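S.K.: Here's a structure for you.
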Amino acid sequence: MRKLRGNASLIIALVAVAIIWIVACLSGDCFFDLNDDVLMKDILSGAYTGVPEGHNIQMLYPISLLISLLYRIGANIDWYGIFLCSCQYFCIGIVIYEIVKRTGTISKKILTAIALVPAVLGFFLPHLLYVQYTVVCGLLSATAAFLIVLPAIGKDKDAIQGKEKKPKRGAMNTDNMVRLICAFVMLTVAYLLRSEMMLLTLPMVLVAVLIKWLFSSLERNKKEDKKSVLLSYSGFLGGVLIMLLISTLFHNIAYSSPEWKEFNRFFDNRTELYDFQYIPDYEENKAFFNGIGLAKSEWKLLVNYNFGLSDEIDADMLGKIAEYAAGIRGEQAPFFARLKTAASLYFYRMHHLSLPKSYEYPMTDFPWNMAVAAMYVTVLLLAVLYCRRHRNGGEKMALASCFLPVVLFACRTSLWLFIIMRGRDPIRITHPLYMVELLILAGMMLYLTSKEASIIPAASIIVLTAISAITLPAQIRVISSEKNLREEMLVKYRALDDYARKNADSFYFYDVYTGVSFASEVEGQVATYSEKLFERVDNSCYNRDLLGGWASKSPLAMKKLKNAGFNSTFEALLDSNVYFVQNKTEDVTWLSDFYEDQGVSVDISRVDTVADVFGIYAVTRLE
């Protein structure tokens, strides 16, 4: 019984996570959020090239290699899905455990967990069902920041309440050390999983280190102890920097072949063009396109994303178009004009209240924005109370407690303005930013809490739970609607997949937008293509590919093409056993126009229809 009581916090946290998992399972099925995650899973599992690949393109090589090795062990296990879901529930469990173990009696621990469960569900339930690796990366960074800021159980907690008598010189509290190691591991996994997202959240993680260092320094009276604290957190930051360098080095070595170097250059320029710039109109910019040797039929391939057909569309050409588009955008909207527009949208999003109406669009920042606002108020109130409790010697801590949230707010403002100005602010980016900020503030709240002021954090948790209670019914409606849309989508795409697998001797090239959605074929809202996790897992190599997309022109795409017996997509599509797939009512003249400009006359005829939305076309060379 005594041992059970000693592990009460852990047991309560595990039960809370189990309840969250059960509610999530009852609310709907787990999907990969985007078709990007599906392709990454296919590359890792071997479904794309026939062999599990460590070169996942989107992730850094070390973690891609590890997951691909797991697929070699268990052929039809969804290791990638297991990995993403495990990371999410582990982070949630850590946060609940660290909060619960800082409460008093077992009854208070249980009440805290009861309040935290609906809070987690109200904010994070959609992401538990529609899993996306960028969100998982952000959650790992947020949990790491939370662990960094937290007070240690024992010495640091006593110190901030004025109870510490003689801190041990040169030593860091064991609880602090364990949490720093755990935070380091989480940051490492986050960087390997989605380096861009981890680097976006890294400034806020650095603010978390600043908060913990300043708080810890103010607790120490002796110069030697202050120096020890500085060395400890400097060492942590040094370790993070070394981790970033070593991880990047291993990744660069793995992608050091000339083929991968050229593809990475192509990938970066393609990302800049499609994600951050735009494709200028052909007629209005005809002189420019003629100058770089891009015909109108090839420009159309860029517009419909089927650029894999043309060997002329390479890294240099995409770079020139992106640079040209950036120049036009700069002339149309100078930097300060765009900054003003972004700032206006940013401040609007901070206070706008609107319940979620659908899974992603139209976007709403509620309940995240209100939760963050409540936490800022909580931290400032605790800082004032701390100053009143410790009139002699507590002023510096109180001032730091008021100053540091300002630093955090300034950091988050810079990051938000950056992503809004870049035009990249979907929920898979904004929600992780909110997570990091929210958990840093939660850590500060726990740091400043005392028995006398425990009513404030308790009230804060109640407020968060109340916000979640308002949001949760809307989230459940959104999830139900999204589930229905995705189920309808899956029926069509599974029929297409079954059709291709049934005709195993043939090969199919999909129009990119058809591979994403068949919305043009039906009335009403349609979910974009994704797959369920852990259902109909089949990691055998499939006989299809997209005519474009982010993996197009990569060594992996060329390997898949050569495995099918072809040297180029252009020639492959003219083979008698290769077919083109597009939404059946969409015009296919863009394809014949492209071949005509290349000096090849073709006839494009529909030979079959699948699920009443997909047209199967034969492309025949005319002599």
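S.K.: To the nearest 10 degrees, how steep is helix 61-73 against the longest Cα principal axis of the chain, on a 0 to 90 scale?
M.R.: Once rounded, the angle reads 70 degrees.
S.K.: Between helix 395-422 and the chain, what is the angle of the helix's C-alpha long axis to the longest principal axis, kept within 0 to 90° and rounded to the nearest 10?
M.R.: So the inclination is approximately 10 degrees.
S.K.: Bin width 10 Å, origin at 0, all Cα-Cα pairs of the chain: what percent of pairs per bin?
M.R.: Per 10 Å bin, starting at 0, the Cα pair percentages come out as 3, 14, 24, 24, 17, 10, 5, 2, 0, 0.
S.K.: Could you give the Stokes-Einstein D for the range 1-82 in µm² per second, using the C-alpha Kirkwood radius, 4 °C, 1.567 mPa s?
M.R.: Stokes-Einstein gives a translational diffusion coefficient of 86 µm²/s.
S.K.: Let me ask something additional. For ILE82 and VAL303 in the same chain, what is the full-extension length gain: residue separation times 0.36 nm, less their Cα-Cα distance, in nm?
M.R.: 76.0 nm
S.K.: Using θ = phi - 60° and the Karplus relation 6.51 cos²θ - 1.76 cosθ + 1.60, list the HN-Hα couplings for the range 533-545 in order, rounded to whole Hz, with x at every Gly or Pro.
M.R.: Here the 3J(HN,Hα) series is 7, 6, 10, 6, 5, 9, 9, 6, 5, 9, 9, 8, 7 Hz.
S.K.: Quick check: from the Cα gyration tensor, does the range 33-79 come out rounded (a/c under 1.5), prolate or oblate?
M.R.: oblate
S.K.: Under 1.5 on a/c is rounded, so check that first for the range 493-593, then, if it is not, pick prolate when a/b is larger than b/c and oblate when it is not; a ≥ b ≥ c are the square roots of the alpha carbon gyration tensor eigenvalues.
M.R.: oblate
S.K.: Right, here's the next one. Kindly express, to the nearest 10 degrees and within the range 0 to 90, the angle between helix 455-502's C-alpha long axis and the longest C-alpha principal axis of the chain.
M.R.: 20 degrees
S.K.: How many nm is it between the label spots at ASP593 and CYS182, if each spot is 7 Å from the Cα in line with the beta carbon?
M.R.: With each label placed 7 Å out from Cα toward Cβ, I get 5.9 nm.
S.K.: Check which residues have an amide H placed less than 5 Å from VAL619's amide H, if you skip close sequence neighbours.
M.R.: So VAL619 has HN proximity to PHE580.
S.K.: Once the Cβ-Cβ distance between LEU26 and ILE470 is put in as r, and R0 is 30 Å, what FRET efficiency do you end up with, to the nearest 0.05?
M.R.: Given R0 = 30 Å and the Cβ-Cβ separation, E is 0.90.
S.K.: A follow-up question, please. Mind checking the per residue accessible area of the chain for me, 1.4 Å probe, whole number of Å²?
M.R.: Per-residue value: 44 Å².
S.K.: A further question on this structure: Of all trypsin sites (Lys or Arg not before Pro) in the range 393-493, which ones are in loop regions per DSSP and have a Cβ with at most 11 other Cβ atoms within 10 Å?
M.R.: For trypsin sites (Lys or Arg not before Pro) across the range 393-493 that sit outside H, G, I, E and B with at most 11 neighbouring Cβ atoms in 10 Å, the list reads LYS451.
S.K.: What's the extension gain from VAL15 to LEU206 if we count 0.36 nm per residue and subtract their Cα-Cα distance?
M.R.: Fully extending the segment from VAL15 to LEU206 adds 65.5 nm.
S.K.: Another question, if that's okay. Residues with beta-carbon under 12 Å from that of ASP597, excluding ASP597: net charge, scoring Lys, Arg +1 and Asp, Glu -1?
M.R.: Value of the local net charge: -2.
S.K.: Measure up LYS296/LYS340; LYS320/LYS584; LYS320/LYS559; LYS559/LYS584; LYS502/LYS559 against 25 Å on the Cα-Cα distance and list the ones that go over.
M.R.: LYS296/LYS340; LYS320/LYS584; LYS320/LYS559; LYS559/LYS584, as the Cα separations exceed 25 Å there.
S.K.: To the nearest Å, what is the center-to-center distance of the range 3-51 and the range 69-130, using C-alpha atoms only?
M.R.: Spelled out, the Cα-based centre of one part sits 8 Å from the other.
S.K.: Still on this structure: Give me the extension gain from ARG477 to VAL384: residue separation times 0.36 nm, minus the current Cα-Cα distance, reported in nm with one decimal.
M.R.: Computed gain between ARG477 and VAL384 is 29.4 nm.
S.K.: In deg cm²/dmol and to the nearest 500, what is the mean residue ellipticity at 222 nm of the chain if only DSSP H runs of at least 4 residues count, each as -39500 (n - 2.57), divided by the residue total?
M.R.: Calculated mean residue ellipticity at 222 nm is -22000 deg cm²/dmol.
S.K.: If you don't mind, there's one more thing I want to ask. With a Cα-only, solvent-free Debye model of the range 206-348, what are the log10 I(q)/I(0) values at q = 0.12 Å⁻¹?
M.R.: The calculated log intensity ratios at q = 0.12 Å⁻¹ are -0.77.
S.K.: Another question, then. How would the range 65-147 be classified by its alpha-carbon gyration tensor: rounded, prolate or oblate, with rounded meaning a/c under 1.5 and the a/b versus b/c comparison settling the rest?
M.R.: Taking the square roots of the gyration eigenvalues as a ≥ b ≥ c, the range 65-147 is prolate.
The values are calculated or read from the model by the stated rules, or taken from the named source; none is laboratory data. Because the structure is predicted, anything quoted here is derived from the model rather than measured. Counting neighbours? That spans all protein chains shown, and the Cβs are built from the backbone with ideal geometry, glycine included. Note: areas computed on protein heavy atoms with side chains; ligands, DNA, RNA excluded. Shrake-Rupley method; radii C 1.70, N 1.55, O 1.52, S 1.80 Å.
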